[in-house]
Amino acid sequence: MDSYFSEIVKNISQIVAIDSSQAEAKEGKPFGEGAAKALGCFLNLAGSLGFETKNYDNYVGEVVFGSGEDFAVLAHLDVVPAGSGWTHSPFGGEVDEKNGRIWGRGTMDDKGPAIITLFALKALKDRGFTPKKRIKLIVGCNEESGWGCIEHYNKVAKMPEVGISPDADFPVIYAEKGILHIKVKLPASDKFSGLKGGDAANMVCAYCEAVCPACADTAKGIKRDGDKIYFVGKSAHGSTPEKGINAIEPVMISLGLKKEADALFTDKLGLKCLKDETGPLTLSPNVIEQTSGGIFVTCDIRYPATMKREQIIGILDNCGYEYSVLHEQAPLFNDKNGELITTLLGVYNEVTGKRAKPIAIGGGTYARALKNGAAFGPEEDGEPSTIHQPDEYITFEKIERCFEIYKLAIERLTK
C-alpha cells in the first residue's frame, strides 16, 4: 500500500478540487464544464497508469483491464452541490496531514472510492495478476441527478451483467429501496414571496427562506432579517432524512402553510407505515420554490425493495395535490446466498476481522444498472457519515482499508 498511498491521496485531492456538480450543458459537455473536466482528469490518470480508456461523449468513461467475460466496477465522478455550512473549502481538496483526512465534496461520494479502485487495479496489474474477465471500471457523470450517463452508455456500449459499485456501505449491500422523486404543486399565495430552499432532490434541505413582512415568527428556530424569514437546518442524504434537520417545514409553518406542511411532513397518507426487511418507506421534501404558478416541492421517496412502484403511486394519487414524477428507479434485491454477495462479504470480513452480515439501504447506486450487481463500501457502520453534508471528508485509514478490500474483491471475482 505504501507505494500507492501518496499517489492516491494526491489524485483524490486533485479531482475533488473540480466542481463536478450538475451544471448547464454545453456543446460536447452534457452535464457541464466541471463534470467533463473531472472525467478527463480521471481518464488521463488511468491512461498514464497504462490502462486502455474510452470517453463516451463526456457522459461516461471506461477503464479496461484484462480480457474475457465482462465484469463491471461502476463509480461516479459527479457530486451533489456543495450546499452551505462548510468550514473547509468544498472544492479545495485540502489534505489534512495532522488529522489524516482529505476534505471536500466527493471525497467519499464517489471520487475517492473511484480513485482508490483505479489504484487497486494498478496494484493488481503491477503484481502480474491476469484477470480471466475483462474488468471495466465505468465512471459516470450524472449519477446524482438523473443517470443520463448510464442511459447513454447503454446506447453506445454494452453494460456488463455482473459487478460492484463502491458507492454505499460495507459489508455488502444485497438490497436497495426503490426511488421516486416527485414534484408536488401547492396553491399559489400572494401573502409572501421568494419562498425557496434546498439544493438537490436527494439532499435534506439545510436552508430555506421567504419574504414575509407581516408573518409571525411562529416556528421554533425561525430567524428574521428585515422582511425576510429563514431557517438554518442540517443537510443529510435523502435516503436517511432522520439524520438531518429539514429547513422547509418550519418556514412553511411560519408562512401559514401548516396544512400543506402537515401533508408533506406528518405522513397523513400512511406511506411511512410501509416497510419490509429493507426498512420503512422514507419521504423527504428537499427542494421548494415559489413561482407565479404556485409553490413546488420536490420530494425524495425511498420505498421498500419488495414493493412495487404502483403501490406507492396509488397512495400518492390520493394526496389531494397535483404532482408529477421527475425520476424513478426500481428496487434492487439480490440473493444473500449468491456467489457475488457471499464473495464480497467474505472479503470484507477477512480484511477487517469482523463477522458482519449483508445489509439493505435506502440509497440508490449504480449496482441496480446491472443484472447482478452489489454496492460495496466505502462507509461502515458506527462511523460518522458526511456524504451529502458539509465538511465531507475521507480519512487516510479509510483509503488504506478500501484499497485492500477492493483489490482483494476484484481479484477474487475475476480470477
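The values are calculated or read from the model by the stated rules, or taken from the named source; none is laboratory data. Being a predicted model, the structure only gives us computed values, none of them experimental. Please note: Cβ atoms are built from the backbone with ideal geometry, for glycine as well, and neighbour counts cover all protein chains shown.
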Within the range 381-397, restricting attention to residues that are modelled with pLDDT of 95 or more and touching a helix residue (DSSP H, G or I) at 6+ places or on another chain (Cβ under 8 Å), which residue is surrounded by the fewest Cβ atoms within 10 Å (Cβ to Cβ)?
F396
Test: residue in the range 149-157 that is closer than 22 Å to Q389 by Cβ, crowded, with 17+ Cβ neighbours inside 10 Å and touching a helix residue (DSSP H, G or I) at 6+ places or on another chain (Cβ under 6 Å):
no
Hey, any hits in the range 25-44 for a residue that's in contact (Cβ under 8 Å) with a residue 60 or more places away in the chain, buried (at least 18 other Cβ atoms within 10 Å of the Cβ) and closer than 24 Å to Y207 by Cβ?
no
Is there a residue being surrounded by fewer than 20 Cβ atoms within 10 Å (Cβ to Cβ), over 22 Å from the mean Cα position of the chain (by Cα) and not in a strand (DSSP E or B) anywhere in the range 357-380?
yes
Could you list all residues from the range 387-399 that are out of contact with any Asp or Glu (no Cβ under 6 Å at 6 or more places or on another chain) and closer than 13 Å to G377 by Cα?
I394, K398, I399
Odd one out for E400, checked against (1) closer than 25 Å to I138 by Cα; (2) in a loop (DSSP other than H, G, I, E, B); (3) at pLDDT 95 or above
(2)
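Determine whether K122 is more than 18 Å from A374 (Cβ to Cβ) and surrounded by fewer than 19 Cβ atoms within 10 Å (Cβ to Cβ).
Spelling it out, it is not the case that K122 is more than 18 Å from A374 (Cβ to Cβ) and surrounded by fewer than 19 Cβ atoms within 10 Å (Cβ to Cβ).
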Can you name the residue in the range 333-350 that is modelled with pLDDT under 95 and surrounded by 17 or more Cβ atoms within 10 Å (Cβ to Cβ) and, of all such residues, is farthest from the chain's Cα centre (by Cα)?
N334
Limited to the range 1-53, what total is found for residues that are out of contact with any Lys or Arg (no Cβ under 9 Å at 6 or more places or on another chain), of a type in the set (D, E, K, R) and not in a helix (DSSP H, G or I)?
4
Restricting to the range 125-149, name every residue that is among the hydrophobic types (A, V, I, L, M, F, W, C) and farther than 17 Å from L370 by Cα.
F129, C141
Residues that are in contact with a strand residue (DSSP E or B) (Cβ under 6 Å, 6 or more places away or on another chain), within 30 Å of S67 (Cα to Cα) and not in a strand (DSSP E or B), drawn from the range 81-135:
M108, D110, G112, P113, A114, T117, L121
Checking E322, E310 in turn, the sole residue that is free of Cβ contacts under 8 Å to residues at least 24 places away in the same chain and loosely packed, with under 15 Cβ neighbours inside 10 Å turns out to be E310
Just wondering, is there one or more residues in the range 76-83 that are within 15 Å of Y406 (Cα to Cα), crowded, with 19+ Cβ neighbours inside 10 Å, not assigned by TED's automatic domain parsing to the domain that holds A200 and not aromatic (F, W, Y)?
no
